[in-house]
Amino acid sequence: MNKWLNYNPHLLSAVSPLFYTSRILGIAPICWPPTGRNRFQLRAYSVLVFFAMLTFLIYSVYWNIQYYYTRSTYTIIVPHIFKMVSSFTTVLAILLLCSTVNKEKYEAIFTKLTTVDSILLKTAENSNVIYKKMKIFVMVQLLVIIPFYLFMFCFDRVVWSGNVGEPHHLVEYFVHLLGTVMDMQFINLVLLIKHRYTVLNRTLMLIHKVPDKEFEWNILLKNKKNVHKTEAIKQIHEVENPIFQKTGIINAKGEVENSFANLKIFPDIEREEAKIIKLQKVHSSLYDVAELVKSCFGLPILFELTFIFGSLIQSLYNSLLTSLQLDNLGTHAGSGEAVGLFLSWSVVRMIKMMCITTSCQMASNEANRTGILIQKLLLGSNGDSKTLRNFSQQLLHYKLNFTACGFFTLDATLLYSLAGAVTTYLVILLQFQFVASSALKVNATNSFA
């Protein structure tokens, strides 16, 4: 019996729409059913798509040199080459990795997720609902993205050539779609990891019977004497061991008025050592899954972010050239339609960037939140729980963050850095464009004279 036959059928069903779409494009993460023949066919198909994309890259460079670059300035040519090469590089990287070293890693990801779900979602009454929601979420993404690319392809052809259907541009949109599906794989896996960390944290709080909302947690001073606000700091050394209680309201006399003030949220915790140890193992498995996801997608995401950076510069620069009437870029439509096309692509790239960075930051925050919860539980037990202490020590070595192949961290700060870099390059390109335009006017004046 093959060890990969232990996939969770509900998990496979949840990701099946994205799986079959990825299989058509040659970047299916796993093979199902996992037989040797099917694996060979899947790898062979990925290799075939890889060489097809490599051929189309060479053809695209040749076509642009022959028909587009001859009537364009270098300020237009350089961003276009950068965007085109980075988009094809992203696709070639994911196809090459998918057909070689990543297949076993993908299988390990789904195997570990199956094990994690068997523990975290076994007692959840709504486990089937979770998988159904995930499937609907994936289907909605595909139903939005695929028609959108078809519409943008038609709009693009009308703006540039006045007709629809040039094979050269159809291949470019196939590359865009393939890169977007790769982004969907990464983002959905990261969100899945984030959700499982959320379930783990809820389970941890449920075991210790604490409120789900952390703002209800408070360490109050166990002291029968009236504590005045101005003397609170001075009396800390007189305080007995802290306990968790619901927050009370201190009146003008410094007395706690809330009737729940003496209600202990952690009354002598009955430690369930076996459950805590199991959650330790689950946390370790989720961390392994996150590391495998980073290993599989690190290089393609680096190229994808490079493509987004170049595409943003090109699209915004083209929209400025068209709106300022510095260059019509050879479009066959009016300036309004051309600017609308360029700005639409800019919005799409920014949305992709935001989805990648925010999903990674959300997952990292939820994973690292476990350490905060463990520390609060240790305070509630006066530090007597050996299992919680061991869990806390484990978390010191399990700081989760997502990076683009180790070059930079994928979080919200990347959006700020990207905005600054794009603005800088736009200013530089516009300066070169104004210099080139001035030089052309001077030459035209001299020729006329």
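The values are calculated or read from the model by the stated rules, or taken from the named source; none is laboratory data. Owing to the predicted nature of the structure, the values given are computational and were not obtained by experimental measurement. All Cβ positions, glycine included, derive from the backbone under ideal geometry; neighbour counts span all protein chains shown. The protein model used for the area step is the full one, side chains on, heavy atoms only, and it has no ligands, DNA or RNA in it. Shrake-Rupley method; radii C 1.70, N 1.55, O 1.52, S 1.80 Å.
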Checklist line | Tally, over region 56-76, of residues that are among the β-branched types (Val, Ile, Thr), exposed (fewer than 15 other Cβ atoms within 10 Å of the Cβ) and at pLDDT 80 or above | finding: 2
Notebook entry, point to check: Looking at (1) modelled with pLDDT of 85 or more; (2) within 30 Å of residue 208 (Cα to Cα); (3) over 14 Å from the mean Cα position of the chain (by Cα), which is the only condition residue 385 fails?
Noted result: (1)
Item checked: Within region 367-404, tally of residues that are open to solvent by 70 Å² or more (accessible area, probe 1.4 Å) and either touching a strand residue (DSSP E or B) at 6+ places or on another chain (Cβ under 7 Å) or closer than 27 Å to residue 357 by Cβ (or both) -> 5
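Taking the stated definitions as given, is residue 173 within 31 Å of the chain's Cα centre (by Cα), at pLDDT 90 or above and either farther than 30 Å from residue 336 by Cα or not in a loop (DSSP other than H, G, I, E, B) (or both)? Before the answer, list the steps.
Numbers: within 31 Å of the chain's Cα centre (by Cα): yes; at pLDDT 90 or above: no; either farther than 30 Å from residue 336 by Cα or not in a loop (DSSP other than H, G, I, E, B) (or both): yes.
No.
Which of the following residues is modelled with pLDDT of 85 or more, among the basic types (Lys, Arg), assigned to a helix (DSSP H, G or I) and within 23 Å of the chain's Cα centre (by Cα): 135, 103? I'd like the intermediate steps shown before the answer.
Working: 103 fails: modelled with pLDDT of 85 or more.
Among 135, 103, only 135 is modelled with pLDDT of 85 or more, among the basic types (Lys, Arg), assigned to a helix (DSSP H, G or I) and within 23 Å of the chain's Cα centre (by Cα).
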Notebook entry, point to check: Given the residues 242, 300, which is the only one that is surrounded by 13 or more Cβ atoms within 10 Å (Cβ to Cβ), under 30 Å from residue 92 (Cα atoms) and either modelled with pLDDT of 50 or more or of a type outside the set (A, V, I, L, M, F, W, C) (or both)?
Noted result: 300
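For region 417-449: of the residues being modelled with pLDDT of 85 or more and within 16 Å of residue 77 (Cα to Cα), which is surrounded by the most Cβ atoms within 10 Å (Cβ to Cβ)? Let's see the steps before the verdict.
Taking region 417-449 and keeping what is modelled with pLDDT of 85 or more, we get 417-428.
With within 16 Å of residue 77 (Cα to Cα) added as a condition, the list becomes 425-426, 428.
Details: 425: 18, 426: 16, 428: 12.
If we take residues in region 417-449 being modelled with pLDDT of 85 or more and within 16 Å of residue 77 (Cα to Cα), then 425 is surrounded by the most Cβ atoms within 10 Å (Cβ to Cβ).
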